[in-house]
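Step one of this worksheet: look at the structure below.
The values are calculated or read from the model by the stated rules, or taken from the named source; none is laboratory data. Quick caveat: nothing in here was measured; it's all calculated off a predicted structure. Here the Cβ is made from the backbone with ideal geometry for all residues, glycine too, and neighbour counts use every protein chain on show.
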Amino acid sequence: MKGQTKQERKQSLHEPKLKKRQKTGGSGFLAPLPLSNALVKFFGTGENALSRGAVVKRMWDYIKQNDLQDPSNKRRILCDDKLKELFDVDSFNGFSVSKLLAAHFIKT
């Protein structure tokens with residue numbers, strides 16, 4: 001803005017702004033990825049590929065349906081037998097769900 005005349009500033013205000021690029025849904029968190037056999041068995045739906053977001057959402061749904069959050073610290077997840085078999089841990093921090101699930105996405 002410094003060094004511009006009043007007329008130049010007015011012109012720059014009326015110039016059309018560049019439009020942001022539209023995001024496409026084919027990468028990262030939205031792309032369907034092949035799942036490990038253990039994860040397919042855990043969900044029991046027979047779906048062999050899901051997006052990371054869908055898997056994390058289903059995992060949280062499972063955790064809440066089975067009341068696996070520690071009552072004194074809701075960030076802590078207490079594993080039942082199915083989760084212990086899947087993740088091989090007794091408990092974990094809720095923020096590490098994505099990290100634990102990463103091992104169950106098959107890299108192509």
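Summary of values
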item: Hey, residue 74 more than 21 Å from residue 33 (Cβ to Cβ) and part of a helix (DSSP H, G or I) or not; result: no
item: Total residues in region 82-108, condition over 18 Å from residue 36 (Cβ atoms) and assigned to a helix (DSSP H, G or I); result: 2
item: Condition met for residue 84 (without any contact (Cβ under 8 Å) to a residue 12 or more places away in the chain, under 20 Å from the mean Cα position of the chain (by Cα) and farther than 17 Å from residue 29 by Cβ); result: no
item: Test set (1) at pLDDT below 95; (2) among the aromatic types (Phe, Trp, Tyr); (3) over 19 Å from residue 107 (Cα atoms) - residue 92 fails condition number; result: (1)
item: Members of region 35-56 that are touching a residue at least 24 places away in the same chain (Cβ under 8 Å) and within 16 Å of residue 107 (Cα to Cα); result: 35, 36, 38, 39, 52, 55
item: Scope region 34-60; condition of a type outside the set (A, V, I, L, M, F, W, C) and either within 12 Å of residue 101 (Cα to Cα) or not in a loop (DSSP other than H, G, I, E, B) (or both); matching residues; result: 34, 36, 37, 41, 51, 52, 53, 57, 58
item: Complete set of residues in region 52-108 that are among the hydroxyl-bearing types (Ser, Thr, Tyr) and touching a strand residue (DSSP E or B) at 6+ places or on another chain (Cβ under 6 Å); result: 91
item: All positions within region 61-71 that are assigned to a helix (DSSP H, G or I) and loosely packed, with under 15 Cβ neighbours inside 10 Å; result: 61, 64, 65
item: Some residue of region 17-29 being modelled with pLDDT under 90, touching a helix residue (DSSP H, G or I) at 6+ places or on another chain (Cβ under 9 Å) and surrounded by 10 or more Cβ atoms within 10 Å (Cβ to Cβ); result: yes
